[in-house]
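The block underneath contains the structure these notes are about, expressed in structure tokens.
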Amino acid sequence: MAIVNRGFEGRGGSDDQRLPPGQHLTDGFPVLSASVTPLIPKDKWELTVTSETGTQRTWRWHDLLALPLESPVVDIHCVTRWSKLGTRWEGVPVDAVLADVDTEATHVMVSSYGGYTTNLPLTDLRGGKAWIAYRYDGQELAALHGGPARLLVPHLYFWKSAKWLNGLRLMLRDEPGFWEGAGYHNHGDPWREERYEFD
Ligand SMILES: Nc1nc2c(c(=O)[nH]1)N[C@H]1C(S)=C(S)[C@@H](COP(=O)(O)O)O[C@H]1N2
Ligand SMILES: [Mo]
């Protein structure tokens, strides 16, 4: 297993400075799921990356473990107004699964076991800003929180961090995901309070 284990620091400053507008701190770790928790054994888990031309590459559990491991420590912000500071994750940068993908895509549709979807600009997933996380706080990521593996995109509201990650579909045009098609903001930057469609 390749271990790089770069450390990451959350945004600096006092707790207040780290709290985006309209958010409050929580010490717990609330569970927010639009579906029942799908239970995916690791040896059945797959992540399929599909390019805009239809070329697919599927990563299985042992493929994921062979990629460089990073340990981001990040603040997370749910659009329902809770934020949690300094959460400790381990996972693989999304860059690693996109490295060999030949694409002109501008956007990505992320999909989950259970049917959840969320869309992002490709630039929000690249450049060391997003991870495929499979450990949380020193333990295997619990199924309730998206295990075996979830997306972690801490600079956007947490609904973009799809649990039970199963697919990344590269797109030449943007399309709304589950919440984005139901009145939530297309982008979801907590520092700009991009909560709802017309914010
Ligand atoms: N597959 C899936 N991913 C999801 C969700 C979901 O309902 N299904 N909820 C989102 C929302 S709104 C939030 S706040 C976080 C919650 O993650 P947690 O339950 O680990 O706190 O997961 C996000 N990812
Ligand atoms: Mo959320």
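What the table below lists for this structure:
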quantity	calculated
Filtered residues of region 123-178 (kept if of a type in the set (Ser, Thr, Tyr), more than 28 Å from residue 62 (Cβ to Cβ) and away from ligand 2 (no atom under 16 Å from the Cβ))	123
Filter result (modelled with pLDDT of 95 or more, part of a loop (DSSP other than H, G, I, E, B) and more than 20 Å from the chain's Cα centre (by Cα)) within region 27-53	52, 53
Residue list for region 74-93, filter: within 16 Å of residue 141 (Cβ to Cβ), under 15 Å from the mean Cα position of the chain (by Cα) and within 16 Å of ligand 1 (Cβ to nearest atom)	74, 76, 87, 88, 89, 90, 91
Count of region 113-123 residues which are touching a strand residue (DSSP E or B) at 6+ places or on another chain (Cβ under 8 Å) and farther than 11 Å from residue 177 by Cα	3
Scan of region 170-199 for residues that are basic (Lys, Arg) and either open to solvent by 80 Å² or more (accessible area, probe 1.4 Å) or in a strand (DSSP E or B) (or both), ordered by number	173, 192
Filter pass, residue 82 being away from ligand 2 (no atom under 16 Å from the Cβ), in contact with a Leu (Cβ under 8 Å, 6 or more places away or on another chain), under 23 Å from residue 25 (Cβ atoms) and of a type outside the set (D, E, K, R)	no
Members of region 148-169 that are within 11 Å of ligand 1 (Cβ to nearest atom) and open to solvent by 30 Å² or more (accessible area, probe 1.4 Å)	166
Selection from region 48-65 of residues that are touching a strand residue (DSSP E or B) at 6+ places or on another chain (Cβ under 7 Å), open to solvent by 30 Å² or more (accessible area, probe 1.4 Å) and without any contact (Cβ under 8 Å) to a residue 60 or more places away in the chain	56, 57, 58, 60
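Here's the yes/no breakdown for (1) free of Cβ contacts under 8 Å to residues at least 40 places away in the same chain; (2) in contact with a strand residue (DSSP E or B) (Cβ under 9 Å, 6 or more places away or on another chain); (3) under 12 Å from residue 168 (Cα atoms); (4) open to solvent by less than 40 Å² (accessible area, probe 1.4 Å):
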residue: 46; (1), (2), (3), (4): no, yes, yes, no
residue: 67; (1), (2), (3), (4): no, yes, no, yes
residue: 81; (1), (2), (3), (4): no, yes, no, no
residue: 89; (1), (2), (3), (4): no, yes, no, yes
residue: 98; (1), (2), (3), (4): no, yes, yes, yes
residue: 108; (1), (2), (3), (4): no, yes, yes, yes
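The values are calculated or read from the model by the stated rules, or taken from the named source; none is laboratory data. All figures in this text were calculated on a predicted structure; none of them were measured in a lab. All Cβ positions, even for glycine, are placed from backbone atoms using ideal geometry, and neighbour counts span all protein chains on display. For accessibility, only protein heavy atoms count, side chains too; no ligands or nucleic acids. Shrake-Rupley method; radii C 1.70, N 1.55, O 1.52, S 1.80 Å.
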